[in-house]
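For reference, the structure is listed below as structure tokens.
The values are calculated or read from the model by the stated rules, or taken from the named source; none is laboratory data. Since the structure is predicted, the reported quantities are computational estimates derived from the model, not experimental observations. Positions of Cβ are backbone-derived with ideal geometry, glycine not excepted, and every protein chain shown enters the neighbour counts.
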Amino acid sequence: MLANPLPLGPVARPPKSRLLLFGGLGTNNSLAAHRARRVDGLRRKDATTLKRLYVDNYKCLVNFDLRFDRLSLLLGQNGSGKPSVLEALAKVRRFIVDQANTDSVFPHGSLTRWQESRLQRFEIEVESDEGDYTYKLVIEHEVDRNRSRVDLAELSLSGRPLFEFRQGEAQLYHDDFTQGPKHPFDWRQSGVGFPQPRHGNKKLIWFRERMARKSSARWTPSPCRLRAKARSQTPATG
């Protein structure tokens, strides 16, 4: 699978990231690009700041690293795993925003079947005016007990910590990156999802609210198939 950023002209709004997925494509990438530009013209109002998604050991995604531009295309044959990219992003979002537990969001059936490791890794980078947020999540699976838990969770801004979870303890940091309270926390839930807004944690809350926004990544049917359908509906002449 290959992500192809397309350069766009200047727009009135700030740069944004958008991921379009095309299935059933062979080598006609120019048609995909044309279709993507048309879609971009219709969706400029839905701006996001997603910069990067990394997934390892989730379904067919192994050491998968995707960087976003204003417009990103994910091209591949049917069955190559394109929807799994959106699903992985949605799963991490649900874990943080909806306070869902690991057993419901990351069941052991989501592990890559041909991998022996029982660790799943997810990373998300989000751009802001203050720098780049990086969220790292490692899920450990106990397949024999049919359960999963958080092995590691970190949130940082330009490399400086805002939250850490290790060995059952959550370490919070203030907006000036000094250490805040540290306390035991549930291994099966997101520590980023629970703090209430207060003076000193505005950066963490900003990231969580950004994750709660509607994603602009979406599935787009094959433009080849759409063009073929349009041709079949055109009356023959001559």
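Taking the conditions exactly as written (more than 17 Å from residue 90 (Cβ to Cβ), surrounded by fewer than 15 Cβ atoms within 10 Å (Cβ to Cβ) and among the hydroxyl-bearing types (Ser, Thr, Tyr)), does residue 117 satisfy them or not? Yes, satisfied.
For residue 168, the conditions (1) under 24 Å from residue 49 (Cβ atoms); (2) small (Gly, Ala, Ser); (3) surrounded by fewer than 21 Cβ atoms within 10 Å (Cβ to Cβ) all hold with the exception of (1). Under the condition of being of a type outside the set (D, E, K, R), on the phi < 0 side of the Ramachandran plot and not in a helix (DSSP H, G or I), the residues counted in the stretch 163-207 number 23. From the list 65, 69, the one residue that fits, being under 19 Å from residue 49 (Cα atoms), surrounded by fewer than 17 Cβ atoms within 10 Å (Cβ to Cβ) and either of a type in the set (Val, Ile, Thr) or touching a strand residue (DSSP E or B) at 6+ places or on another chain (Cβ under 8 Å) (or both), is 65. Annotation: residue 159 fulfils all but one of (1) touching a strand residue (DSSP E or B) at 6+ places or on another chain (Cβ under 7 Å); (2) at pLDDT 95 or above; the unmet one is (1). Applying the criterion of being without any contact (Cβ under 8 Å) to a residue 12 or more places away in the chain and over 13 Å from residue 189 (Cα atoms) to the residues of the stretch 84-114, the residue that is surrounded by the most Cβ atoms within 10 Å (Cβ to Cβ) is 109. Restricting 184, 197 to those that are under 22 Å from residue 125 (Cα atoms) and surrounded by fewer than 17 Cβ atoms within 10 Å (Cβ to Cβ) reduces the list to 197.
Tell me whether the stretch 112-134 contains one or more residues that are among the polar types (S, T, N, Q) and touching a Cys at 6+ places or on another chain (Cβ under 9 Å). Yes: one or more hits.
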